[in-house]
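This report refers to the structure that appears directly beneath it.
Coordinate-derived values only; no laboratory data. Only a predicted model underlies this, so the values are computations on that prediction, with no experimental measurement involved. Glycine also receives a Cβ, built like all others from the backbone with ideal geometry; neighbour counts cover every protein chain displayed.
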Amino acid sequence: MSSSTGQATSIDRQVAVPEDSLWFQGHFPGDPMLPGIAQLHLVLEVLKAHLGERLRLIGLKRVRFKRIIRPRETITIAVAPIPDKSGLFRFHLTVEGENACSGMMMTNLVDADHP
């Protein structure tokens with residue numbers, strides 16, 4: 001996973017999922033594509049890398065899958081907090097300049113004493 005960070009209020013990363021990734025097994029033989037749940041997992045991992053492992057996904061809003069993502073394609077993930085909405089982030093995944101997935105992710109921090 002390669003990365004580059006944008007401005008302080010936005011997180012931008014570039015990733016490429018290898019052809020032999022478990023995400024592509026069975027989805028679909030002879031026509032591999034990155035499942036939607038894997039795309040959402042990538043967004044959460046970007047947030048956790050930036051904000052800490054104690055971050056937990058609690059909900060999703062307005063998620064749209066617009067483009068199939070194939071093995072080894074470079075995915076640009078952009079995540080930005082929504083002002084005045086603690087734990088709510090807007091995200092966009094693009095491939096070759098095309099919108100592949102977008103939506104909002106609701107998160108909170110897990111209390112270290114009470115997981």
| Does the range 37-70 hold any residues that are more than 17 Å from Met106 (Cβ to Cβ) and touching a Phe, Trp or Tyr at 6+ places or on another chain (Cβ under 6 Å), and which are they? | Ala38
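Within the group Leu93, Leu55, Leu44, Leu51, which residue is surrounded by 12 or more Cβ atoms within 10 Å (Cβ to Cβ) and more than 15 Å from Asp12 (Cα to Cα)? Can you show your working first?
Values: Leu93 fails: more than 15 Å from Asp12 (Cα to Cα); Leu44 fails: more than 15 Å from Asp12 (Cα to Cα); Leu51 fails: more than 15 Å from Asp12 (Cα to Cα).
Exactly one residue qualifies, and that residue is Leu55.
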| For the range 59-83, which residues satisfy the criterion of being in contact with a Gly (Cβ under 9 Å, 6 or more places away or on another chain), surrounded by 17 or more Cβ atoms within 10 Å (Cβ to Cβ) and under 28 Å from Gly26 (Cβ atoms)? | Phe65
| request: Filter the range 12-33 for residues that are within 25 Å of Met104 (Cα to Cα) and either among the polar types (S, T, N, Q) or free of Cβ contacts under 8 Å to residues at least 40 places away in the same chain (or both) and give the result. | output: Gln14, Trp23, His27, Met33
| query | Does the range 26-34 contain at least one residue that is surrounded by fewer than 15 Cβ atoms within 10 Å (Cβ to Cβ) and among the aromatic types (Phe, Trp, Tyr)? | reply | yes
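If you scan the range 91-102, which residues turn out to be assigned to a loop (DSSP other than H, G, I, E, B) and of a type in the set (Gly, Ala, Ser)? Before the answer, list the steps.
Filtering the range 91-102 for residues assigned to a loop (DSSP other than H, G, I, E, B) gives 96-97.
The answer is Gly97, and nothing else.
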